[in-house]
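Each remark here refers to the structure printed beneath this line.
The values are calculated or read from the model by the stated rules, or taken from the named source; none is laboratory data. These numbers were taken from a predicted model, which means no experiment stands behind them. Counting neighbours? That spans all protein chains shown, and the Cβs are built from the backbone with ideal geometry, glycine included. Each accessible area value is taken on the protein alone, full model and side chains, heavy atoms only, with ligands, DNA and RNA left out. Shrake-Rupley method; radii C 1.70, N 1.55, O 1.52, S 1.80 Å.
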Amino acid sequence: MIVTCDRPWLCADLGAPHRVLSWAVHNGGLTRAPAIWWREVRNADLPADLDVTPWLAREMAGRGGADAVGLLTSRDIRAHALTRAEVEGVTVEALTTAGLSNAEAVGRRQDWAGMDWGTINIAVQIHAALTEPALFEALSIATEARTAAVIEAAIELPTGLATGTGTDCIAIAAREAGPALPHAGLHTALGEAIGAAVRAGVARCIADWRIDIHRLRRLKAEGKPLD
């Protein structure tokens, strides 16, 4: 994975077209893509009457990324983490950004109208081919690792401990060529590698987010300009 950060864009070049599974805003679902891109946004970028999906499609096409998978975040994309894990010859890389300003405890919703927004976005590149069921299983393992890292952060909400945010997105990319791995569960080398890479990346990004939040709150209290 080759990562390029050119604010407001963060790009993960996969090196070749991969099978990508996600619920991303742009090119979500099960698709074929050579890259996974982030677009950093602010409230001014997304007025209430804006149809976000075609807007992001135009933005990405204008940058030559129409065929990439596209994610949105309000997090400063300079605060990203690239983590890597290798288990029994299976290599996984994860690119993560994380903000928890709109954190939720799964199973209970809060009213976020007029409040701040954040998200956890993760791109996972698996350096192997997977069957379609294994690709779905890999997505579940990445989601579990994300949730474990958030729970470990112990962010208390009126509804319980945070388990994620209301706008998280994960994209799993696997090679097209080569023998396809049939499984990606917790008992497999692949599952272990996915879990290790994602969990470490999310934990690092949450720690960075907490530092930034405290700094921004201090600047606001002092009446100083925010970044």
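Quantify, in whole percent, the carbon and sulfur part of the accessible surface of the chain (1.4 Å probe; protein heavy atoms only).
On the chain, the fraction of accessible area on carbon and sulfur atoms equals 54 percent.
Only bridges with both residues in the range 2-222 count here: give the DSSP antiparallel percent, nearest 5. Don't skip to the end; give the middle numbers.
Numbers: 39 of 53 bridges.
Bridges in the range 2-222 that DSSP calls antiparallel: roughly 75 percent.
Taking +1 at the Cβ of each Lys and Arg and -1 at the Cβ of each Asp and Glu, which of Ile213, Ala81, Ala24 sits farthest along the dipole of the chain towards its positive end, judged by Cα position relative to the Cα centre?
Checked the options; the winner is Ile213.
I'd like the orientation of helix 132-153 relative to the chain: the angle between its Cα long axis and the longest Cα principal axis, in ° from 0 to 90, rounded to 10.
In the chain, helix 132-153 runs at an angle near 40 degrees to the longest axis.
Can you tell me the dipole magnitude for the range 2-222 around its Cα centre, using point charges on the Cβ only (Lys, Arg +1; Asp, Glu -1), in Debye to the nearest 20?
Values: 21 positive and 26 negative charges, 83 e Å.
That gives the range 2-222 a dipole magnitude of about 400 debye.
To the nearest 10 degrees, how steeply does helix 52-62 sit against the main Cα axis of the chain, on a 0 to 90 scale?
Value to nearest ten degrees: 70.
For the range 2-222, what is the relative contact order in percent, using Cα pairs closer than 8 Å and at least 6 residues apart in sequence? Don't skip to the answer; put the middle values down first.
Details: 482 pairs, mean separation 50.5, N = 221.
Once divided by the residue count of the range 2-222, the mean separation gives 23 percent.
Please label the shape of the range 34-188 as rounded, prolate or oblate, based on the square roots a ≥ b ≥ c of the eigenvalues of the alpha-carbon gyration tensor (a/c under 1.5 means rounded; beyond that, a/b larger than b/c means prolate, else oblate).
Since a/c reaches 1.5 but b/c is at least a/b, the shape of the range 34-188 is classed as oblate.
Using per-residue counts of other Cβ atoms within 10 Å, averaged over each peptide, order 65-78, 172-185 from highest down.
Packing proxy ranking, top to bottom: 65-78, 172-185.
Just to confirm the number: angle between the C-alpha axis of helix 189-221 and the first principal axis of the chain, 0 to 90 degrees, nearest 10?
Result, in degrees: 10.
Pull out the extension gain between Arg63 and Leu186, defined as 0.36 nm times the separation in residues minus the alpha carbon to alpha carbon distance; nm, one decimal.
Roughly 40.5 nm would be gained on extension.
Rolling a 1.4 angstrom probe over the protein chains, ignoring ligands and nucleic acids, what is the accessible area of Ile2 in square angstrom, nearest 10?
Looks like 110 Å² after rounding.
What residues of the range 79-108 lie in the reach of a label at Asp45, counting those whose backbone N is under 17 Å from a point 7 Å from the Cα along Cα→Cβ?
Those under the cut-off are 79-81, 96-102.
Could you order peptides 46-53, 205-212 by the average number of other Cβ atoms within 10 Å of their residues, highest first?
Sorting 46-53, 205-212 by mean packing, highest first, produces 205-212, 46-53.
Run the simple label-point estimate for Val52 and Glu132 please: 7 Å along Cα→C-beta, distance reported in nm.
Computed distance between label sites Val52 and Glu132 equals 2.8 nm.
Need the full-extension length gain, Asp111 to Arg32, defined as separation in residues times 0.36 nm minus the C-alpha distance. One decimal, nm.
Gain in length upon complete extension: 24.8 nm.
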